[in-house]
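**Q** Dropping the structure in here first, questions after.
The values are calculated or read from the model by the stated rules, or taken from the named source; none is laboratory data. Since we're looking at a predicted model, the values are computed, not measured. Glycine also receives a Cβ, built like all others from the backbone with ideal geometry; neighbour counts cover every protein chain displayed.
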Amino acid sequence: MSIITTEQASKIAFEHFNITAKASKLDGYVDENFLLKTGSNEKFLLKISSEENSEQLDFQVEILKYLSTKEHAVSLPEVVSNNEGNSLSKFQNNKTARILTWLPGRLWATVNPKTESLRISLGEAAGSLTTALKDFEHPAAHRNLDWDLANSTWTSEHINRFLGKAKEIVQHFQNRFEEIQTTYKNLPKSIVHNDLNDYNILVSDDLSNPKVSGLIDFGDSVFTQTINDLAIVLAYAIMDLPDPLSAALEVVKGYNKNYKISENELKCLYILVGMRLVTTVTNASIKKEEFPNDDYYVISEKPAWNLLKKWFDVNENFAYYSFRNACGYSAHPLEEKFENWSKKNQVSLKTMFPTVASEKVMNLDMSVGSTLLGNPSEYSDAEVSEFKLKQFQKHFPKTILLNGYLETRPFYTTDAFKSEGNNGPQYRTVHLGTDFWVPAQTAVHAPFNGTVKIIHHNNYDKDYGPMLILEHTFEESKFYSLYGHLTLTSLGILKVGQQVKQGDLIAYIGSPNENGNWAPHLHFQLILDLLGNDENFNGVALPSNAEIWKSICPNPNFIFKEELNTSEEKISEENIINFRNNHLGKGLSLSYDKPLHIVRGEGVYLIDIDGRKYLDTVNNVNHVGHQHPKVVAAGQKQMAVLNTNTRYLHEEIIGYAEALLKKLPPHLSVIHIVNSGSEANELALRMAKTITGNKDILAIEVGYHGNTNAVMDVSSYKFEGKGGFPKPETTHILPLPDSYRGKYTSENCGIDYANHAKEIIENLKVEGKEIAGFIGESMISCGGQIVPPKNYFKEVYKHVHEAGGICIADEVQTGFGRMGKTFWAFELYDVQPDIVTMGKPAGNAHPLAIVACTKEVAEKFNTGMEYFNTFGGNPVSCAIGRAVLEVVEEENLQENALKVGGFLIAELKTLQKQFPIIGDVRGEGLFLGFELNDSNKNPLPEHASYLANRMKQLGILMSIDGPDHNVLKIKPPMVFSKENAEELIFRLKTVFGEDYMLKF
């Protein structure tokens, strides 16, 4: 076969199509392909074919002409006529040339990331093409093609190319394909594209919200079962993903919008996807032998094998139910039938619990946001849980306590229920049964006649304890009832295959030591399909699959005469947002493009209403971890005894003050306890003005000190920002001491920045004024996690003190060991502030703040006007504050900040070398930030926003700071571990490698 050169291709384009263009070679499977680019930057695709069957070439031309008359969701190539007005041009050696219009866009294979919305878009595009082709006919479409899934049985001839597990997988799909032939052969047929692989799908150039923009290469089009086209799309669209079924559902959902998929087509879809992958790996195995040096033929082999193995692990029935749900059918075909039958055959709870004296049922809230459960230290303790349940029983005698059906629970947010999803970690948190909280040894009786199907106890994993499953019949169909958390003696009551009658004793409720350390209860679950399980069955599911599992595991309420589901319906997120917009302060904002509905905090995690855990790198307020058990307990204990003001003697304020003073340098010996950082800074400014008798204050550019009037007046971040106000005459702003992108960047720029303080002070003297003082964050947070340069604070303090002013160190964001090297950030600079303000972390999110000052400042401030704060220094706040300090010491959190912060800095700088969009990395301990800039140090706020939102999708919370909104801050709870840091770096590397972040 003669090869066409690029020069010859250009000549063919000119002589036959009157197109003057430069040709460049493209890959091709059958045809020789060339990109034609004209002087005016027009582009065309030249295809040179050696196809002797002109009917096939005519077919490819006519299909495009036909589609040009139809509506479809994406762009398709159009046929360009030659000089004679024909679509095909013959030339030497019986070759044929044709030219198609060039479609702009990126190949699907090159796009990163491939998001949910993009997969839905692909489904819509493919479905619209299927519908557009439904009535098209051409004789050449009726051909025998190896890549036609209807002919894929040819792969069976090559089964011995594979060994071991690989052979088992391939053979499984081949066998199943044979078994579905009766249904498959009767499915609708039409001409389909037949090769929508990742190199024939084009994606728009919009990197922030990409859509499928075009479909190309109709060379493999064939008349076959219509559903084959979707199977082929799926085989490529779900490659290289942790959860291929979830990705497939997104494509199917989009496809079904434009082509209504029948139930029988959905029955075959799972097997057809498998057979396309079998065809791919079999063909690759053959081609590797024929063309050992040509990678083109095996380009999809490795990802195809990876996907085939994962697809094999997906339960076929579950895939079918999932496809049904995505297309608007009830997931399980028998769902409605069972519901109707069960409502006609209801039994009383007394049938199952004849020994329990009950007159009513009560639903307990054990959802992820339940206040009943408390924190993990409580709900993971069986004795505590059992005590709480007994308290309920005291208040509600003769009541069966129950809950759980489709309840999202915090118990399942552990690693045992964790898996990697397509958007980071996911947790099986949705409970599929109903729990009856009855005493240990309570007898359980069969609610219906049945047969013992499974008796199981895993001695190596006692989270569930002994478990029993009975099989029942309804209208010539089967359903199952599951009984979990039983006694060990229950294992000997029945045998597999044994018949039981309604009311027969089947088991006893287990105690904590034999049911996984749970408070005694029965897990009861209805099941319409055991999905091939012969030992155990899922009791919990992913929230994303809740609707599917709801259909497979119907509501137990259906079979009981008593009303089981009595819990209050939760307010929807839409209603929460609407209420906020209408009735809460208009200045309130929500984080992220899609706000989070957070209902629980645990350590370094925030947990949403679906039980998804988000690694929190933002909330330094929860200094020792969200809802730290010791801090919570301290507040609860003191709140139960006394909470009042400081006009009475109480030991707690003394205990807290003593503990805090031990962490401060000796010269700061007097403290005032208030409620917030704003209030602390307000008091500090008042002290400075009272002591000096002056009003003028020095403050730092983009500084933020709170939301009261006085602190707003010195917060450049606020009054110079959106909706701000003119700078007060008594406020004097020093340039942001940013040595990376600021006014001065030399090695000794700290002195240059500090000289502005000297200049302002001297100018004020000329006007006959003197300063009251200087207030500055020890590290500038809202300014972009700025670490002031060497000597900056020392020089500023010197100028202020020489002028008789007071120096206020704002440690609201930075204190309590966060720096790692030191307990307070000001200690990094070898300075002695007159006043230090603290807030946020002091109470681990409880309203607590402090003003620490010298004895001299305290005495001069005592002018006779009493300073009294109703809530400041109350016993509860002081107990909480003392507990925070104790946790910092006991858990070595300052040392942890030093080690983990150092690790993060090093890893971020490694990323910086790989991804130059990271312009600067800075910070100390667990107070870090990194800038996103172009090569000229111009800020990239859109990229910062993209990064924060993408990281949220991947399960990590980040936030943006800086005057140009281009700095990502890292200020997590101090219990943030090295493992957490590794997860953060891993996800950052993933996002930095995405198209949007790479093009700036």
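**Q** Please specify each residue of the range 732-743 satisfying the condition of being surrounded by fewer than 18 Cβ atoms within 10 Å (Cβ to Cβ) and either among the acidic types (Asp, Glu) or in contact with an Asp or Glu (Cβ under 7 Å, 6 or more places away or on another chain) (or both).
**A** Within the range 732-743, 735, 740 qualify.
**Q** I'd like to know if the range 873-882 contains one or more residues that are closer than 12 Å to residue 631 by Cβ and either free of Cβ contacts under 8 Å to residues at least 12 places away in the same chain or of a type in the set (S, T, N, Q) (or both). So that I can check it myself, show each step before the final result.
**A** To start, the set of residues in the range 873-882 that are closer than 12 Å to residue 631 by Cβ comprises 876-877, 879-882.
Right, trim to either free of Cβ contacts under 8 Å to residues at least 12 places away in the same chain or of a type in the set (S, T, N, Q) (or both) and you get 877.
Within the range 873-882, one or more residues are closer than 12 Å to residue 631 by Cβ and either free of Cβ contacts under 8 Å to residues at least 12 places away in the same chain or of a type in the set (S, T, N, Q) (or both).
**Q** Also, quick follow-up: Is there a residue being within 35 Å of the chain's Cα centre (by Cα), among the polar types (S, T, N, Q) and closer than 30 Å to residue 424 by Cβ anywhere in the range 91-111? Show your work before the answer.
**A** In the first step, residues of the range 91-111 are kept if they are within 35 Å of the chain's Cα centre (by Cα); the result is 103-111.
In the following step, the residues that additionally are among the polar types (S, T, N, Q) were identified as 110.
Going one step further and asking which of them are closer than 30 Å to residue 424 by Cβ, we end up with 110.
Yes; the residues of the range 91-111 include at least one that is within 35 Å of the chain's Cα centre (by Cα), among the polar types (S, T, N, Q) and closer than 30 Å to residue 424 by Cβ.
**Q** Something else about it: From the list 68, 75, 40, 54, exactly one residue is farther than 30 Å from residue 257 by Cβ, polar (S, T, N, Q) and in contact with a strand residue (DSSP E or B) (Cβ under 9 Å, 6 or more places away or on another chain). Which is it?
**A** Details: 68 fails: farther than 30 Å from residue 257 by Cβ; 75 fails: farther than 30 Å from residue 257 by Cβ; 40 fails: in contact with a strand residue (DSSP E or B) (Cβ under 9 Å, 6 or more places away or on another chain).
On inspection, the qualifying residue turns out to be 54.
**Q** Being crowded, with 24+ Cβ neighbours inside 10 Å and either of a type in the set (A, V, I, L, M) or not assigned by TED's automatic domain parsing to the domain that holds residue 29 (or both) narrows it down to one of 187, 249, 266, 241, so name that one.
**A** Details: 187 fails: crowded, with 24+ Cβ neighbours inside 10 Å; 266 fails: crowded, with 24+ Cβ neighbours inside 10 Å; 241 fails: crowded, with 24+ Cβ neighbours inside 10 Å.
None of the other options fit; the residue is 249.
**Q** Would you be able to tell me the number of residues in the range 848-875 that are of a type outside the set (Val, Ile, Thr), touching a strand residue (DSSP E or B) at 6+ places or on another chain (Cβ under 9 Å) and over 19 Å from residue 647 (Cα atoms)? Spell out the reasoning first.
**A** Initially, the range 848-875 is screened for residues of a type outside the set (Val, Ile, Thr), giving 848-849, 852-853, 855-856, 858-862, 864-869, 871-875.
After this cut, where a residue has to be touching a strand residue (DSSP E or B) at 6+ places or on another chain (Cβ under 9 Å) as well, the list is 848-849, 852-853, 855, 858-859, 861, 867, 869, 871-874.
Still in the list and also over 19 Å from residue 647 (Cα atoms): 852-853, 855, 859, 861.
Going through the range 848-875 one residue at a time, the tally reaches 5.
**Q** Right, next: Going through 26, 35, 57 one at a time, which residue ends up being touching a residue at least 60 places away in the same chain (Cβ under 8 Å), farther than 28 Å from residue 255 by Cβ and either touching a Leu at 6+ places or on another chain (Cβ under 7 Å) or hydroxyl-bearing (Ser, Thr, Tyr) (or both)? Even if it seems obvious, please write down each step before you answer.
**A** Details: 26 fails: touching a residue at least 60 places away in the same chain (Cβ under 8 Å); 57 fails: touching a residue at least 60 places away in the same chain (Cβ under 8 Å).
Exactly one of 26, 35, 57 is touching a residue at least 60 places away in the same chain (Cβ under 8 Å), farther than 28 Å from residue 255 by Cβ and either touching a Leu at 6+ places or on another chain (Cβ under 7 Å) or hydroxyl-bearing (Ser, Thr, Tyr) (or both), namely 35.
**Q** Another question, then. So which residues in the range 586-634 are touching a Leu at 6+ places or on another chain (Cβ under 7 Å) and under 14 Å from residue 975 (Cβ atoms), if there are any at all?
**A** Pass one, the range 586-634, residues touching a Leu at 6+ places or on another chain (Cβ under 7 Å): 598, 604-606, 608, 614-618, 624, 626.
604, 605, 606, 615, 616, 617, 624, 626, listed by residue number.
**Q** Then there is this: Where residues in the range 499-514 are in a loop (DSSP other than H, G, I, E, B) and polar (S, T, N, Q), which of them is farthest from the chain's Cα centre (by Cα)?
**A** First pass over the range 499-514, keeping only residues in a loop (DSSP other than H, G, I, E, B): 501-504, 510-511.
Okay, now just the ones that are also polar (S, T, N, Q), so 502, 511.
Details: 502: 46, 511: 37 Å.
Filtering first and then ranking leaves 502.
**Q** Given the condition modelled with pLDDT of 95 or more and either in the same structural domain as residue 190 (by TED's automatic domain parsing) or farther than 26 Å from residue 45 by Cβ (or both), answer yes or no: does some residue in the range 284-300 qualify? Break it down into steps so the answer makes sense when it comes.
**A** Residues of the range 284-300 that are modelled with pLDDT of 95 or more, as a first pass: none.
No, the range 284-300 contains no residue that is modelled with pLDDT of 95 or more and either in the same structural domain as residue 190 (by TED's automatic domain parsing) or farther than 26 Å from residue 45 by Cβ (or both).
**Q** Out of curiosity, is residue 548 within 18 Å of residue 445 (Cα to Cα) and assigned by TED's automatic domain parsing to the domain that holds residue 447?
**A** no
**Q** Given the criteria assigned to a helix (DSSP H, G or I) and either in contact (Cβ under 8 Å) with a residue 60 or more places away in the chain or surrounded by 23 or more Cβ atoms within 10 Å (Cβ to Cβ) (or both), does residue 261 qualify? Before you say what the answer is, go through the steps one by one.
**A** On the way: assigned to a helix (DSSP H, G or I): no; either in contact (Cβ under 8 Å) with a residue 60 or more places away in the chain or surrounded by 23 or more Cβ atoms within 10 Å (Cβ to Cβ) (or both): yes.
Judged against the criteria, residue 261 is not a match.
**Q** Under the condition of being of a type in the set (Gly, Ala, Ser) and surrounded by 15 or more Cβ atoms within 10 Å (Cβ to Cβ), which residue from the range 839-870 is nearest to residue 657 (Cα to Cα)?
**A** First, pick out the residues of the range 839-870 that are of a type in the set (Gly, Ala, Ser): 839, 842-843, 845, 849, 852, 858, 864.
Within this subset, residues satisfying the condition of being surrounded by 15 or more Cβ atoms within 10 Å (Cβ to Cβ) are 839, 842-843, 845, 849, 852, 858.
Working: 839: 14, 842: 12, 843: 13, 845: 19, 849: 12, 852: 10, 858: 15 Å.
Step by step, filter the range 839-870, then rank; the result is 852.
**Q** From 78, 157, 137, which residue is surrounded by fewer than 16 Cβ atoms within 10 Å (Cβ to Cβ) and not assigned by TED's automatic domain parsing to the domain that holds residue 222?
**A** Working: 157 fails: not assigned by TED's automatic domain parsing to the domain that holds residue 222; 137 fails: not assigned by TED's automatic domain parsing to the domain that holds residue 222.
Result: 78 is the single residue among 78, 157, 137 that is surrounded by fewer than 16 Cβ atoms within 10 Å (Cβ to Cβ) and not assigned by TED's automatic domain parsing to the domain that holds residue 222.
**Q** Now a separate question. Given the criterion of a type in the set (Lys, Arg) and within 30 Å of residue 180 (Cβ to Cβ), identify the matching residue among 95, 134, 90, 70.
**A** On the way: 95 fails: within 30 Å of residue 180 (Cβ to Cβ); 90 fails: within 30 Å of residue 180 (Cβ to Cβ); 70 fails: within 30 Å of residue 180 (Cβ to Cβ).
That would be 134, the only listed residue that is of a type in the set (Lys, Arg) and within 30 Å of residue 180 (Cβ to Cβ).
**Q** Which of the residues that make up the range 422-444 are part of a loop (DSSP other than H, G, I, E, B), among the aliphatic types (A, V, I, L, M) and surrounded by fewer than 20 Cβ atoms within 10 Å (Cβ to Cβ)? Write out each step before concluding.
**A** Step one: filter the range 422-444 for residues part of a loop (DSSP other than H, G, I, E, B), giving 423, 428-429, 432-433, 438-442.
Add one more test, that the residue is among the aliphatic types (A, V, I, L, M), and what stays is 432, 438, 440.
Residue satisfying the conditions is 440 alone.
**Q** Same structure again: Kindly list the number of the only condition in (1) within 26 Å of residue 426 (Cα to Cα); (2) surrounded by fewer than 16 Cβ atoms within 10 Å (Cβ to Cβ) that fails for residue 578.
**A** (1)
**Q** Also, I was wondering about something else. Return yes when residue 447 is under 22 Å from residue 557 (Cα atoms), within 41 Å of the chain's Cα centre (by Cα) and in a loop (DSSP other than H, G, I, E, B) and no when it is not. First the steps, then the outcome.
**A** Working: under 22 Å from residue 557 (Cα atoms): yes; within 41 Å of the chain's Cα centre (by Cα): no; in a loop (DSSP other than H, G, I, E, B): yes.
No: the conditions fail for residue 447.
**Q** Within the range 474-493, track down each residue that is surrounded by 15 or more Cβ atoms within 10 Å (Cβ to Cβ) and in a strand (DSSP E or B).
**A** Our first condition is that a residue be surrounded by 15 or more Cβ atoms within 10 Å (Cβ to Cβ); within the range 474-493, this holds for 474, 478-488, 490-491, 493.
Scanning the range 474-493 gives 474, 478, 479, 480, 481, 482, 483, 484, 486.
**Q** Got at least one residue in the range 72-88 being outside any strand (DSSP E or B), at pLDDT below 90 and under 20 Å from residue 215 (Cα atoms)? If you could, list the steps in order and put the result at the bottom.
**A** In the first step, residues of the range 72-88 are kept if they are outside any strand (DSSP E or B); the result is 72-74, 76-78, 81-88.
Pick out the ones that are also at pLDDT below 90 and you get 72-73.
Adding the requirement that they be under 20 Å from residue 215 (Cα atoms) leaves 72-73.
Yes, because at least one residue in the range 72-88 is outside any strand (DSSP E or B), at pLDDT below 90 and under 20 Å from residue 215 (Cα atoms).
**Q** Surrounded by 15 or more Cβ atoms within 10 Å (Cβ to Cβ), in contact (Cβ under 8 Å) with a residue 40 or more places away in the chain, assigned by TED's automatic domain parsing to the domain that holds residue 503 and closer than 25 Å to residue 559 by Cβ - does that describe any residue in the range 366-373?
**A** yes
**Q** Among the residues of the range 435-442, are any more than 18 Å from residue 529 (Cα to Cα) and of a type in the set (A, V, I, L, M)? If you could, list the steps in order and put the result at the bottom.
**A** Within the range 435-442, the first condition is being more than 18 Å from residue 529 (Cα to Cα), and the residues that meet it are 435-442.
Those left that are additionally of a type in the set (A, V, I, L, M): 438, 440.
Yes, because at least one residue in the range 435-442 is more than 18 Å from residue 529 (Cα to Cα) and of a type in the set (A, V, I, L, M).
**Q** Right, residue 341: surrounded by 16 or more Cβ atoms within 10 Å (Cβ to Cβ), touching a strand residue (DSSP E or B) at 6+ places or on another chain (Cβ under 8 Å), assigned to a helix (DSSP H, G or I) and in contact (Cβ under 8 Å) with a residue 40 or more places away in the chain or not? Please lay out each step first, then the result.
**A** Details: surrounded by 16 or more Cβ atoms within 10 Å (Cβ to Cβ): yes; touching a strand residue (DSSP E or B) at 6+ places or on another chain (Cβ under 8 Å): yes; assigned to a helix (DSSP H, G or I): yes; in contact (Cβ under 8 Å) with a residue 40 or more places away in the chain: yes.
For residue 341, the condition - surrounded by 16 or more Cβ atoms within 10 Å (Cβ to Cβ), touching a strand residue (DSSP E or B) at 6+ places or on another chain (Cβ under 8 Å), assigned to a helix (DSSP H, G or I) and in contact (Cβ under 8 Å) with a residue 40 or more places away in the chain - is met.
**Q** Any idea how many residues of the range 714-770 are farther than 21 Å from residue 804 by Cβ and of a type in the set (A, V, I, L, M)?
**A** Qualifying residue count, the range 714-770: 2.
**Q** Inspect all residues belonging to the range 917-931 and state whether any of them is surrounded by fewer than 20 Cβ atoms within 10 Å (Cβ to Cβ) and either more than 24 Å from residue 786 (Cα to Cα) or basic (Lys, Arg) (or both).
**A** Scanning the range 917-931, I find no residue that is surrounded by fewer than 20 Cβ atoms within 10 Å (Cβ to Cβ) and either more than 24 Å from residue 786 (Cα to Cα) or basic (Lys, Arg) (or both), so the answer is no.
**Q** Could you check the range 711-731 and list, in sequence order, the residues that are more than 34 Å from the chain's Cα centre (by Cα), assigned to a loop (DSSP other than H, G, I, E, B) and surrounded by fewer than 21 Cβ atoms within 10 Å (Cβ to Cβ)?
**A** Once the filter is applied, which keeps residues that are more than 34 Å from the chain's Cα centre (by Cα), assigned to a loop (DSSP other than H, G, I, E, B) and surrounded by fewer than 21 Cβ atoms within 10 Å (Cβ to Cβ), the range 711-731 yields 720, 724, 725, 726, 727, 728, 729, 730.
**Q** Could you grab me the full set of residues in the range 230-258 that are among the small types (Gly, Ala, Ser) and either outside any helix (DSSP H, G or I) or touching an Asp or Glu at 6+ places or on another chain (Cβ under 6 Å) (or both)?
**A** Passing the criteria: only 254.
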